[in-house]
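The values are calculated or read from the model by the stated rules, or taken from the named source; none is laboratory data. Owing to the predicted nature of the structure, the values given are computational and were not obtained by experimental measurement. Note that each Cβ is placed from the backbone with ideal geometry, even for glycine, and that neighbours are counted across all protein chains shown.
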Amino acid sequence: MTFKLWSVGSSRSHEAHETPPPVWRLMSFEDLRVGELYEALRLRSEVFVVEQQCVFQDIDGADREAMHLLGVQGGELTAYARCFEAGAKFPEASIGRVAVRKSARGTGLGHLLMAQAVAAISQVWGPQAIRIGAQTQLQAFYVKHGFKDVGTYYLEDGIPHLEMLREA
């Protein structure tokens with residue numbers, strides 16, 4: 001089942017030389033086309049394995065349970081996140097594998113991605129609390145989206161993380 005998402009975020013006009021706003025698609029694993037899955041896994045690998053120099057099992061078996069949020073600009077996947085219903089990863093709904101292509105960072109796309117991910121959970125499963133496992137270096141980023149540190153710190157694949165909760 002594919003969901004078309006409404007645009008959340010900036011409504012400013014885009015001139016010809018500017019990057020077009022992303023087109024957002026929310027899809028179940030079964031609805032992902034092979035090329036879309038390939039691009040999602042490629043972006044995740046670029047960000048989490050290559051950039052962060054972290055050897056870990058990205059293909060973790062959870063992709064089949066997730067709704068996949070894809071942000072495409074100019075024909076290229078530039079933003080991606082996985083959304084899970086309550087009980088899949090945490091007792092609450094959750095968002096993970098949040099990734100923005102390096103060339104698109106600093107444009108506000110990460111904030112648009114998080115706003116879309118929160119909206120996607122609400123659209124699919126209804127408004128509710130969302131828990132994430134965030135890299136501690138990104139805590140301030142997630143605070144801007146209503147997430148609060150719940151005091152659970154842990155090391156995942158050699159990277160410090162903390163649990164954060166966004167109330168319903």
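Worth pointing out:
- Hey, ALA168 under 19 Å from LEU26 (Cβ atoms), small (Gly, Ala, Ser), touching a residue at least 24 places away in the same chain (Cβ under 8 Å) and surrounded by fewer than 19 Cβ atoms within 10 Å (Cβ to Cβ) or not: no
- Near pairs, Cβ below 7 angstrom, 6+ apart or cross-chain, from segment 62-77 (farther than 15 Å from GLY110 by Cα) to any residue that is assigned to a strand (DSSP E or B) and hydroxyl-bearing (Ser, Thr, Tyr): MET67/SER28
- For segment 146-156, the condition of being touching a residue at least 24 places away in the same chain (Cβ under 8 Å), touching a helix residue (DSSP H, G or I) at 6+ places or on another chain (Cβ under 9 Å) and either closer than 29 Å to GLU30 by Cα or surrounded by 14 or more Cβ atoms within 10 Å (Cβ to Cβ) (or both) holds for none of the residues.
- Selection within segment 18-51 - in contact (Cβ under 8 Å) with a residue 40 or more places away in the chain and exposed (fewer than 14 other Cβ atoms within 10 Å of the Cβ): PRO20, GLU51
- Leading residue by the ranking (surrounded by the most Cβ atoms within 10 Å (Cβ to Cβ)) among those in segment 82-134 that are of a type in the set (Ser, Thr, Tyr) and modelled with pLDDT under 95: THR107
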